[in-house]
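I'd like to ask some things about the structure below.
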Amino acid sequence: MYEIRDGLFAQTFQSESSLDPMDFINNDGIEIHSMWMEQDQKELNIWRKHPDLGIVVRDFSFETTEDLLALVEATPHMAHERQIQVHIRSLNTGLTHPQAKEAILGGDFIPAWVGCDIKSCGDILAVMFRIPSSWRYLYIWNWKTGEELY
């Protein structure tokens with residue numbers, strides 16, 4: 001997974017502790033590169049690297065002005081349901097964001113979702129979860145207070 005925003009390119013990867021050559025989706029680290037390059041430069045500079053976030057990341061978003069890194073955890077399926085867990089971290093440190101009242105948003109169980117899309121703007125965070133049928137679940141939070149808005 002990757003995202004480009006505010007002059008940064010971020011992508012997830014597997015840390016050494018979870019490296020399994022047969023597993024292509026268990027990404028638990030994130031690497032953030034500055035997209036500003038000198039004329040003779042051949043590779044992007046690493047701006048931040050968080051090698052082991054302690055969770056398997058399903059999707060993520062970030063916002064530099066808020067120092068926000070929001071991570072959707074790939075929770076295991078449980079009897080055709082899956083729990084929603086969105087971790088609120090600092091983009092700079094990878095640790096729980098100091099302005100977040102709640103370190104993890106969500107907790108609800110919804111039908112086993114197969115994908116999601118996450119967006120942030122200021123103190124608002126929205127995640128749309130897709131399930132195999134045509135249904136979608138939209139959650140909107142104030143990530144600073146932890147209040148679920150929708």
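The values are calculated or read from the model by the stated rules, or taken from the named source; none is laboratory data. No experiment lies behind these values; they were computed from the predicted model shown. Heads up, the Cβs are rebuilt from the backbone with ideal geometry, glycines too, and the neighbour counts pull from every protein chain shown. For the accessible areas, the whole protein counts, side chains as well, though only heavy atoms, and no ligand, DNA or RNA atoms are used. Shrake-Rupley method; radii C 1.70, N 1.55, O 1.52, S 1.80 Å.
From the backbone phi of segment 71-76, what are the Karplus-calculated ³J(HN,Hα) couplings (6.51 cos²θ - 1.76 cosθ + 1.60, θ = phi - 60°) in whole Hz, Gly and Pro given as x?
10, 8, 7, 7, 6, x
On to the next question. In 10 Å bins starting at 0, how do the alpha-carbon pair distances of the chain split up by percent?
Going from the shortest bin to the longest, the percentages are 11, 39, 35, 12, 2, 0.
Let me ask you something else. Once you have the alpha carbon radius of gyration of segment 66-118, what is it after dividing by 2.2 N^0.38 Å, with N set to its residue count? Could the numbers behind the result be given before it?
Numbers: Rg = 12.3 Å, N = 53, 2.2 N^0.38 = 9.9 Å.
Ratio of Rg to 2.2 N^0.38 Å for segment 66-118: 1.24.
State the percentage of accessible surface on the chain attributable to carbon and sulfur atoms; use a 1.4 Å probe and exclude ligands, DNA and RNA.
Values: 4630 of 8560 Å².
In the chain, the share of accessible area belonging to carbon and sulfur is 54 percent.
Full extension from LYS49 to ASN92: what is 0.36 nm times the residue separation minus their Cα-Cα distance, to one decimal in nm?
On the way: separation 43, 0.36 × 43 = 15.48 nm, distance 0.89 nm.
Gain in length upon complete extension: 14.6 nm.
Please compute one quarter of the surface area of the Cα convex hull for segment 81-150 and express it in square nanometres. Before the final figure, lay out the partial values.
Working: hull surface 18.8 nm².
Taking a quarter of the hull surface, the average projection is 4.7 nm².
Further, regarding this structure: Counting alpha carbon pairs within less than 8 Å and at least 6 residues apart, what relative contact order, in whole percent, applies to the chain? Show your work: numbers first, answer last.
On the way: 333 pairs, mean separation 21.3, N = 150.
For the chain, the relative contact order is 14 percent.
THR145: net charge of surrounding residues, Cβ under 9 Å, Lys/Arg +1, Asp/Glu -1, itself excluded?
Details: positive: LYS101, LYS144; negative: GLU102, ASP123, GLU147.
Around THR145, the surrounding residues sum to -1.
In debye to the nearest 20, how big a dipole does the chain give about its Cα centre with +1 on each Lys and Arg Cβ and -1 on each Asp and Glu Cβ?
Details: 12 positive and 23 negative charges, 63 e Å.
Magnitude of the dipole: close to 300 debye.
List, in order, the whole-Hz ³J(HN,Hα) value for each residue of segment 134-150 obtained from phi through the Karplus relation with A = 6.51, B = -1.76, C = 1.60 and θ = phi - 60°; use x for Gly and Pro.
For segment 134-150, the Karplus curve yields 7, 6, 9, 10, 10, 10, 10, 10, 8, 5, 6, 8, x, 5, 7, 8, 7 Hz.
Can you return the aspartates and glutamates within cross-link range of LYS144? Criterion is Cα-Cα under 16 Å, with same-chain partners fewer than 8 residues away left out.
Correct list for LYS144: GLU63, GLU66, ASP67, GLU102, ASP123.
Something else now. Tell me, what is the per residue accessible area of the chain in Å², probe radius 1.4 Å? Before the final figure, lay out each step's value.
Values: 8560 Å² over 150 residues.
I get 57 Å² per residue for this part.
To continue, here is another question. Find how much the distance from SER133 to ASP117 grows on full extension, using 0.36 nm per residue of separation minus their present alpha carbon separation; answer in nm with one decimal. Mind showing how you got there, number by number?
On the way: separation 16, 0.36 × 16 = 5.76 nm, distance 1.63 nm.
Computed gain between SER133 and ASP117 is 4.1 nm.
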